[in-house]
Amino acid sequence: MEHKLSIYNSLHRKKERFVPLHSPNVGLYVCGPTVYGDAHLGHARPAITFDMLFRYLMHLGYVVRYVRNITDVGHLENDADEGEDKVAKKARLEQLEPMEIAQYYINRYHKAMEALNVLRPSIEPQASGHIIDQIALVQKILDEGFAYESNGSVYFDVEKYNHRYHYGKLSGRNIDEMMEATRELDGQSEKRRSVDFALWKKASPEHIMRWDSPWSVGFPGWHLECSAMSIKYLGEEFDIHGGGMDLLFPHHECEIAQSCAALKKESVHYWMHNNMITINGQKMGKSLGNFITLEEFSTGKHTLLQQPYSPMTIRFFILQAHYRSTVDFSNEALQASERGLERLTEGYERLKKLTPGATSSIEMPDTRTRCEEAMCDDLNTPVAIAHLFEALKIINAVHDGKATVSQADLTELQSVFKLYMEDLLALTSETAGESNSEAYKKAVDLLLNIRLEAKKNKDWATSDRIRNELTALGFEIKDTKDSFEWKL
Ligand code: ZN
């Protein structure tokens, strides 16, 4: 395949040329959400980042198997080995079945992602549906001698693993220092060392999500599902593993250790991590009260929001930054994105209607090649967007009658804009957010009110024109006494 896609590999801390294992097939695994609450801005970034990668790999001609999991069991509070299961806790508070909670938030997550133009993955496995695979993986790690059983639970032996392999290679953490800092385990804990992590936990009597296993009735540790499900669906070795930078340690470090201990080899070729979103310079956190859900963004109903923001504005805002840089949310920044996206969308609409001249009166930049170069350079979306804005100047000049473009140049420009606006950056939306659909309803109402006035004034030409053109667009219009009804 003729391209020069390079991606930053977190494992080697440098950009590397992307060479797939089994071209044209590519395996991509991304850590998905834990389903115990509504998706917020922090969920939007990894979803959009890896949607961009998924779309771009397909654009390059690859056949991508994209696996994004759903964590519905085993993710305990504080991301630690102790505490209540996040899904089970929500179920207890709501007096619902844990799987009811999981399904409820899965449905809402899908709806939120659809509004953001995030494509569904090829496979979306749930941890609770893969307990057998996880038990088999624990057994394999035990057989290889890198885990131990303690009071019905099974823990990963980090020190022993580190003697053979290298624990900490992804996060750059020094295992000796970590052991030094966490030396004092007083024999009260089931773990030998506090750096050890649970592969299987024996369920306490009140823990309702539980399965039989050779060691106890219990549940899998949080890190285990991603190793088990990536191996199951993508094979022992696969191309790309992605996720947010907050998952780099301990989650991804533990995943590497588990897979390596079981398979005696490195499973993942490229590790990719998107950076975090801060809100007014602060980390997002429940305790800080700055967790803004995607639904709150589209309604504008949150104390930190000055107005509603459409899902396309959120998508554009995220793509305007490189995925490895931090993004700070503020109303000013989102309003700037909203205006930028409006200009781009308006330009795209103008472009569709431009008429070509005999020749191009100005030199046309090679927008396609420039965008392609930016995207191949570790998915540099902000640079690609900047090239679209450059091209926008030409579109507007032609629109204003200050320049002309030839048919060939016009066709090329239209094709590049369609590719980026609709297929890759995917900034146009049929399923636009509520604020947009509100505006659209109002616009139809406005037209039909003008028609009503026209009828009153016996201006049948205008009245018929509005009716006929809306009908041609697929609207059904019904005249009622003194008013109207319509539907699409
Ligand atoms: Zn994961």
(request) Would you be able to tell me the number of residues in segment 225-248 that are more than 10 Å from the ligand (Cβ to nearest atom) and either more than 19 Å from the chain's Cα centre (by Cα) or at positive phi (or both)? (result) 9
(message) Please count how many residues of segment 470-488 are charged (D, E, K, R) and either open to solvent by less than 100 Å² (accessible area, probe 1.4 Å) or in contact with a Ser or Thr (Cβ under 9 Å, 6 or more places away or on another chain) (or both).
(response) 2
(request) Please enumerate the residues belonging to segment 105-124 that are in contact (Cβ under 8 Å) with a residue 60 or more places away in the chain and either open to solvent by 50 Å² or more (accessible area, probe 1.4 Å) or in a loop (DSSP other than H, G, I, E, B) (or both). (result) Arg108, Glu114, Leu116, Asn117, Val118, Leu119, Pro121, Glu124
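Table: residues versus (1) open to solvent by 10 Å² or more (accessible area, probe 1.4 Å); (2) assigned to a helix (DSSP H, G or I).
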site: Glu295; (1), (2): yes, yes
site: Gln307; (1), (2): yes, no
site: Thr313; (1), (2): no, yes
site: Ala321; (1), (2): yes, no
(message) Quick check on segment 215-224: of everything there that is touching a Gly at 6+ places or on another chain (Cβ under 7 Å), under 19 Å from Asp72 (Cα atoms) and in a loop (DSSP other than H, G, I, E, B), which residue is nearest to the ligand (Cβ to nearest atom)?
(response) Trp222
(message) Checking the condition open to solvent by 30 Å² or more (accessible area, probe 1.4 Å), touching a residue at least 60 places away in the same chain (Cβ under 8 Å) and not charged (D, E, K, R), which residue from His3, His12, His22, His43 passes?
(response) His43
(message) Contact list please: Cβ distance under 6 Å, first residue in segment 252-264 and in the same structural domain as Tyr148 (by TED's automatic domain parsing), second residue within 11 Å of the ligand (Cβ to nearest atom) and in a helix (DSSP H, G or I), pairs at least six apart or on different chains.
(response) Glu255/Cys226; Glu255/Ser227; Gln258/Ser227; Ser259/Ser227
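Among Met229, Met245, Met284, Met276, which is open to solvent by 50 Å² or more (accessible area, probe 1.4 Å), under 27 Å from Ala112 (Cβ atoms) and touching a His at 6+ places or on another chain (Cβ under 9 Å)?
On the way: Met229 fails: open to solvent by 50 Å² or more (accessible area, probe 1.4 Å); Met284 fails: open to solvent by 50 Å² or more (accessible area, probe 1.4 Å); Met276 fails: touching a His at 6+ places or on another chain (Cβ under 9 Å).
That would be Met245, the only listed residue that is open to solvent by 50 Å² or more (accessible area, probe 1.4 Å), under 27 Å from Ala112 (Cβ atoms) and touching a His at 6+ places or on another chain (Cβ under 9 Å).
Regarding Asn396, is this residue surrounded by 12 or more Cβ atoms within 10 Å (Cβ to Cβ) and either under 30 Å from Met364 (Cβ atoms) or among the polar types (S, T, N, Q) (or both)? Outline the logic, then answer.
Values: surrounded by 12 or more Cβ atoms within 10 Å (Cβ to Cβ): yes; either under 30 Å from Met364 (Cβ atoms) or among the polar types (S, T, N, Q) (or both): yes.
Yes.
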(message) With the requirement that a residue be assigned to a strand (DSSP E or B), of a type in the set (S, T, N, Q) and at pLDDT below 95, what does segment 255-286 give you?
(response) Thr278, Gln282
(message) Take the conditions out of contact with any helix residue (DSSP H, G or I) (no Cβ under 9 Å at 6 or more places or on another chain), in a helix (DSSP H, G or I) and in the same structural domain as Lys265 (by TED's automatic domain parsing) and apply them to Leu137. Does it pass?
(response) no
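Listed here are the residues, each with its yes/no results for (1) open to solvent by less than 20 Å² (accessible area, probe 1.4 Å); (2) among the aliphatic types (A, V, I, L, M); (3) within 16 Å of the ligand (Cβ to nearest atom).
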| position | (1), (2), (3) |
| --- | --- |
| Leu60 | no, yes, no |
| Arg68 | yes, no, yes |
| Glu77 | no, no, no |
| Ala80 | no, yes, yes |
| Glu84 | no, no, no |
| Ala88 | yes, yes, no |
| Pro98 | yes, no, no |
| Ile101 | yes, yes, no |
(request) Among residues belonging to segment 335-376 that are among the small types (Gly, Ala, Ser) and within 30 Å of Gln306 (Cα to Cα), point out the one that is most open to solvent (accessible area, probe 1.4 Å). (result) Ala336
(message) Quick check on my filter: what residues within segment 159-180 are of a type outside the set (D, E, K, R), in contact with a Gly (Cβ under 9 Å, 6 or more places away or on another chain) and either part of a helix (DSSP H, G or I) or outside the structural domain of His223 (by TED's automatic domain parsing) (or both)?
(response) Asn162, Ile175, Met178
(message) Given (1) within 16 Å of the ligand (Cβ to nearest atom); (2) assigned to a helix (DSSP H, G or I), identify the lone condition not met by Leu11.
(response) (2)
(request) Sort out which residues of segment 93-102 are without any contact (Cβ under 8 Å) to a residue 60 or more places away in the chain and in a helix (DSSP H, G or I), and write them in order of number. (result) Leu93, Glu94, Met99, Glu100
(request) Taking Gly244 as meeting all but one of (1) touching a strand residue (DSSP E or B) at 6+ places or on another chain (Cβ under 6 Å); (2) closer than 15 Å to Ala147 by Cα, write down the number of the exception. (result) (2)
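The values are calculated or read from the model by the stated rules, or taken from the named source; none is laboratory data. Everything quoted here is computed from the prediction, not taken from an experiment. Because the Cβ atoms are built from the backbone with ideal geometry, glycine has one as well, and the counts that use them run over all protein chains shown. Just the protein is used for accessible areas: all its heavy atoms, side chains included, with ligands, DNA and RNA removed. Shrake-Rupley method; radii C 1.70, N 1.55, O 1.52, S 1.80 Å.
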